[in-house]
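Here the structure is laid out as structure tokens; the discussion comes afterwards.
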Amino acid sequence: MTKALVLGGATGLLGQALTKTLGKRDWDVVTLGRSDGNILDPSFLQANLEKIGPDVVFNAVAWTAVDDAEDHPDEAGLLNRSLPHTLARILATGTAFLVHVSTDFIFGGGEHIPHKEEEEPQPASVYARTKLEGEKAVMATLPERSCIVRTAWLFGPGRKNFVDTIIAACKKRDAIKVVHDQTGSPTYTLDLAQWCAILAEKRATGIWHAVNSGQASWCDLACEAVALAGASCRVEPITSSEWPQKAKRPAFSVLSNGKLASLLGTPPRPWTQALREYIFSTYLPAQDGGEAC
């Protein structure tokens with residue numbers, strides 16, 4: 001039985017999905033997070049890695065508060081750059097494989113063509129820069145036993161996310177305003193967890209873009225979620241300038257999943273289909289034993 005250590009597996013949005021998915025694939029799964037101790041302490045990390053003896057380590061821990069990172073660059077750097085670097089250094093002395101999760105935010109825009117793995121990143125915020133630095137540290141330290149999984153716009157069970165926030169807001173208001181001039185790749189955490197597991201099982205090194213197929217603006221995603229949930233409020237599009245935020249967001253960060261599709265033998269399903277599954281299973285449970293969709 002393959003043993004996995006999932007950092008952030010007990011409480012994180014992706015970490016919980018990984019823990020659940022790997023368990024269903026008959027992996028022996030152990031979680032480790034900040035509630036267990038100081039995961040930024042190399043001695044603590046090394047002691048736990050030696051004790052657990054994982055075959056694969058999934059790093060789903062990051063500083064994801066994008067605006068707060070602008071005010072706390074050192075703290076963001078510790079989680080986004082130093083932690084993955086430390087993991088890679090420790091694992092370099094053994095045989096375990098590292099799956100490190102990164103972000104679409106490292107891309108700044110471009111010609112509205114989905115970004116491929118080999119493209120030159122253009123990070124425009126502290127969050128994006130520190131995540132890119134984390135990628136580079138892993139690839140430089142453990143190139144033969146690691147992969148970088150870039151993903152985007154996560155929604156799924158276990159922790160509040162954009163979709164949950166929109167549906168909650170629609171229960172309280174007649175109308176909500178959502179940015180329409182930022183476009184990305186909505187991604188279901190349970191799908192992403194499956195892809196991460198496959199990449200680990202195949203020991204697929206290098207950089208991989210792992211997102212559901214298709215693209216959307218935040219407004220598109222909100223409209224689809226509201227419609228599927230049967231909410232009655234209006235979704236009103238606004239520009240990024242009408243919703244000022246401290247950290248700059250990429251206008252177009254859609255990721256190409258063609259490389260992943262080739263590995264899987266089929267394209268990842270559309271985000272609209274994945275969202276339907278999430279909404280129906282979370283907000284519209286099946287009645288009388290029937291199917292939700």
Selection from the range 131-180 of residues that are surrounded by 18 or more Cβ atoms within 10 Å (Cβ to Cβ), of a type in the set (Ser, Thr, Tyr) and under 20 Å from VAL66 (Cα atoms): THR151
Meets criteria (surrounded by 17 or more Cβ atoms within 10 Å (Cβ to Cβ), more than 20 Å from LEU5 (Cβ to Cβ) and either of a type outside the set (Lys, Arg) or at pLDDT 95 or above (or both)) for PRO114: yes
Those residues of the range 243-282 which are aromatic (Phe, Trp, Tyr) and either in contact with a strand residue (DSSP E or B) (Cβ under 8 Å, 6 or more places away or on another chain) or surrounded by fewer than 14 Cβ atoms within 10 Å (Cβ to Cβ) (or both), in sequence order: TRP243, PHE252, TRP271, TYR278
Filter result for THR205 (among the hydroxyl-bearing types (Ser, Thr, Tyr), in contact with an Asp or Glu (Cβ under 8 Å, 6 or more places away or on another chain) and over 29 Å from HIS100 (Cα atoms)): no
2 or more residues of a type in the set (S, T, N, Q) and crowded, with 22+ Cβ neighbours inside 10 Å: qualifying strands (runs of 3 or more DSSP E) within the range 1-95: none
Strands (runs of 3 or more DSSP E) wholly inside the range 146-244 that include at least 2 residues being within 19 Å of the chain's Cα centre (by Cα): 146-151, 206-209
Residues located in the range 174-201, provided they are touching a Cys at 6+ places or on another chain (Cβ under 6 Å) and charged (D, E, K, R): ASP174
Yes/no for ALA62 being within 24 Å of ARG129 (Cα to Cα), out of contact with any strand residue (DSSP E or B) (no Cβ under 9 Å at 6 or more places or on another chain) and of a type outside the set (D, E, K, R): no
Selection from the range 111-133 of residues that are assigned to a helix (DSSP H, G or I) and not hydroxyl-bearing (Ser, Thr, Tyr): VAL126, ALA128, ARG129, LYS131, LEU132, GLU133
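The values are calculated or read from the model by the stated rules, or taken from the named source; none is laboratory data. Being a predicted model, the structure only gives us computed values, none of them experimental. For neighbour counting, all protein chains shown are included, and Cβ atoms are generated from backbone atoms with ideal geometry for every residue, glycine included.
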